[in-house]
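**Q** Questions regarding the structure given below will be posed in turn.
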């Protein structure tokens, strides 16, 4: 009888440098996003994920995206995105257009654009302070290249 290694055993079998790189990456990313989220909640009463959706809409053609496209853009399940859009729509930041029972578009409103105009400088200032400032120019270039490589990688078949 063959036994499968546990997840912990498999994780611990990875080189320590791999484990450290992954843990540091996710902890650093989560920490930056948490600080941005806290600032946005405190000053604009909106969360980072909501602003992220607004930003994706702001750069889309006619400030509009299909729900499915927006869900992928902000890494949310369809049901989580529906709740997010509900919040944004209640605040008048977006408007929905139903094309069919399953085909819905979301459009950024003028109030949504105004909110982004307030949020963007706050986000950029924090990102400059807590993300970019500690890095040298060559470290920034290396990080950008690494992230681009990861984004271009083929997703695994699951």
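**Q** Return the pairs, sorted by first residue and then second, in which the second residue is exposed (fewer than 12 other Cβ atoms within 10 Å of the Cβ), the first residue lies in region 116-135 and is part of a helix (DSSP H, G or I), the beta carbons are less than 9 Å apart, and the residues are 6+ apart or on different chains.
**A** 118/43; 119/43; 122/43
**Q** Pick out the one residue from 83, 96 that is under 17 Å from the mean Cα position of the chain (by Cα) and surrounded by fewer than 17 Cβ atoms within 10 Å (Cβ to Cβ).
**A** Numbers: 96 fails: under 17 Å from the mean Cα position of the chain (by Cα).
Being under 17 Å from the mean Cα position of the chain (by Cα) and surrounded by fewer than 17 Cβ atoms within 10 Å (Cβ to Cβ) holds for just one of 83, 96, which is 83.
**Q** A further question follows. Select from region 7-47 the residues that are exposed (fewer than 12 other Cβ atoms within 10 Å of the Cβ) and not in a helix (DSSP H, G or I) and write down the one among them that is modelled with the lowest pLDDT.
**A** That would be 15.
**Q** Same structure again: Do the conditions hold for residue 93, that is, is it touching a residue at least 24 places away in the same chain (Cβ under 8 Å), closer than 18 Å to residue 123 by Cβ and touching a strand residue (DSSP E or B) at 6+ places or on another chain (Cβ under 8 Å)?
**A** In short, yes.
**Q** Also, I was wondering about something else. Listed residues 55, 33; which is under 17 Å from the mean Cα position of the chain (by Cα) and in contact (Cβ under 8 Å) with a residue 60 or more places away in the chain?
**A** So the residue among 55, 33 that is under 17 Å from the mean Cα position of the chain (by Cα) and in contact (Cβ under 8 Å) with a residue 60 or more places away in the chain is 55.
**Q** Next question. Only one residue in 130, 116 is at pLDDT 95 or above and under 21 Å from the mean Cα position of the chain (by Cα), so which one is that?
**A** Just one listed residue meets the conditions, 116.
**Q** What is the one condition in (1) under 18 Å from the mean Cα position of the chain (by Cα); (2) modelled with pLDDT under 95 that residue 102 does not satisfy?
**A** The failed condition is (1).
**Q** Please determine, by comparing only the residues of region 60-79 that are in contact with a helix residue (DSSP H, G or I) (Cβ under 8 Å, 6 or more places away or on another chain) and assigned to a helix (DSSP H, G or I), which one is modelled with the lowest pLDDT.
**A** 78
**Q** Do we find that residue 110 is exposed (fewer than 13 other Cβ atoms within 10 Å of the Cβ) and modelled with pLDDT of 95 or more in this structure? Walk me through how you get there before you give the answer.
**A** Working: exposed (fewer than 13 other Cβ atoms within 10 Å of the Cβ): yes; modelled with pLDDT of 95 or more: yes.
Yes, satisfied.
**Q** Among 91, 96, which is at pLDDT 95 or above and closer than 19 Å to residue 37 by Cα? Full working, then the answer.
**A** Working: 96 fails: closer than 19 Å to residue 37 by Cα.
Just a single option satisfies the conditions, and that option is 91.
**Q** Tell me which residues, restricted to region 91-114, are assigned to a helix (DSSP H, G or I) and under 22 Å from residue 72 (Cα atoms).
**A** Matches in region 91-114: 112, 113.
The values are calculated or read from the model by the stated rules, or taken from the named source; none is laboratory data. Note that this is a predicted model, so its numbers are computed, not measured. With ideal geometry, Cβ positions are generated from the backbone for all residues, glycine too; neighbour counts draw on all protein chains shown.
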